[in-house]
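Each reported figure results from applying straightforward, stated rules to the coordinates on display, with no laboratory input. All figures in this text were calculated on a predicted structure; none of them were measured in a lab. FYI the Cβ positions are ideal-geometry reconstructions off the backbone, even for glycines, and counts take in every protein chain you see.
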Amino acid sequence: MTTPTLGVPTLSFTPVPERANTESVEVALAAGGDAHAFERLYRKHSSRVHSLVRRMLSDEDADELTQDIFVRVWQKLGSFRGESAFGTWLHRLAVNVVLARRAELGTRRKRYHDDDAPLELVSARRAPPELSMDFEAALARLPDGARQIFVLHDVEGYRHEEIADMLGLATGTSKSQLHRARMALRVHLDR
Amino acid sequence: MHDRWTDQMSEYLDGELPPHEHAALEAHVGQCAECARTLAELRSVVARAASLGDRPPARDLWPGIAAMLGSDGAVTPTRRTPPRRFSFSVPQLAAAAAVIVALTGGGVWVLRPSTRQELPVTATAAPAPAPARSATVRNAASRPTANQTYDAAVSDLQDVLAAGRGRLDTATVRIIEKNLMTIDSAVSAARRAVQADPANGFLNEYLAHTMRRKIDLLRQAAALASAQS
């Protein structure tokens with residue numbers, strides 16, 4: 001159930017600032033400890049966060065980690081200074097939580113440099129129709145490193161320098177992994 | 001497919017190839033159908049990724065989150081275990097400063113010495129005792145210079161603020177203007193108090209303090225406006 005947002009949107013001449021202001025109010029209320037306001041923020045942003053987690057990690061991890069992310073957001077709301085949009089701040093926090101989870105799983109370093117087999121599987125050209133995958137499924141089959149870089153760069157819009165910084169990689173590694181991921185995914189475009 | 005060219009295609013699409021390599025790749029793609037197709041496919045992958053929609057969770061995750069925040073998602077701010085870090089924006093700090101100034105100003109009016117009725121007589125007719133007289137003269141001599149400096153500083157900062165005003169959001173401008181009015185009231189009150197009791201060191205110090213407050217607020221507001229550019 002979606003909780004209605006605050007305010008009565010009648011005779012609004014500037015709808016976008018109005019929405020932004022409404023979110024600012026929700027953030028301020030949530031930072032003051034109002035869980036109902038925080039629920040409204042969750043309703044607004046959960047799809048994006050859940051999709052990020054699903055693409056960066058896996059379907060199985062997405063629910064639990066999305067919950068962890070929003071609990072972390074609740075705990076850290078006091079440090080949100082409004083220097084960026086709340087959604088941007090939340091998203092960056094979500095990425096950090098996802099990457100921390102990857103580090104906990106202990107497979108990050110290996111997956112960035114090895115494990116070409118899944119990439120080859122994904123990029124197998126002209127697979128029979130019964131074995132075809134849609135784009136999201138093909139994305140999920142990429143090796144972790146290439147997938148995360150592809151998601152961060154091409155889906156989420158981060159720059160290579162930012163990705164390299166977040167992942168502790170050389171910029172060149174980020175670029176080459178991105179290229180490999182794109183090459184692997186191009187055969188799944190129209191499925 | 002030519003690896004030499006395909007290896008450069010992602011950087012080409014992202015606009016990260018040096019100009020001469022960019023031109024060379026374009027020239028090759030113009031002559032090589034296979035590389036042209038690969039480049040088109042890569043371009044489509046980039047476009048497809050950018051257009052991926054978000055999908056909500058299959059089940060409602062809020063109850064689980066609410067349980068971790070507090071029972072049944074109830075408003076339970078006290079359950080927040082980490083100590084809250086409070087941070088304030090410049091306007092918020094300025095607002096707090098203005099309130100303090102206003103409260104202090106009110107306090108000055110209430111608490112200042114009850115010699116108000118005697119002062120006109122002392123100042124205009126009766127000779128004042130030597131120490132008070134010398135203090136009055138000293139203040140009278142120094143005040144015009146301080147006021148001129150203050151007025152010039154205020155004028156300069158107001159010019160800077162006026163120039164950058166368009167870069168501040170209306171809520172911030174409103175807060176700044178409100179605080180400036182509050183501080184102006186405090187400055188006026190302090191000036192009247194000093195006029196009535198020129199020898200009072202506390203009132204003179206308070207007047208200087210309120211003036212500094214205004215300068216500080218203007219300086220912060222001007223810096224904020226400059227930072228938005």
Fewest to most Cβ atoms within 10 Å: A:64, B:11, A:83, A:39 sort as A:83, A:64, B:11, A:39
Two pseudo-spin positions, 7 Å from Cα along C-beta at residue A:58 and at residue B:16, lie apart in nanometres by 2.9 nm
Expected unfolding gain across residue B:26-residue B:59 under the 0.36 nm per residue rule, minus the alpha-carbon gap, is 7.1 nm
Two pseudo-spin positions, 7 Å from Cα along C-beta at residue B:191 and at residue B:160, lie apart in nanometres by 2.2 nm
Length gained, residue B:47-residue B:209, 0.36 nm per residue minus C-alpha separation, equals 52.3 nm
Within segment A:42-57, the residues whose backbone N lies under 19 Å from a label point placed 7 Å from the Cα of residue A:136 along the Cα-to-Cβ direction are A:43-57
Taking a straight Cα-to-Cα line shorter than 17 Å from residue B:178, and setting aside same-chain aspartates and glutamates fewer than 8 residues away, one finds B:169, B:216
Any aspartates and glutamates whose Cα falls less than 17 Å from that of residue A:44, other than same-chain ones fewer than 8 residues away, would be A:18, A:23, A:26, A:34, A:63, A:68, B:54, B:60
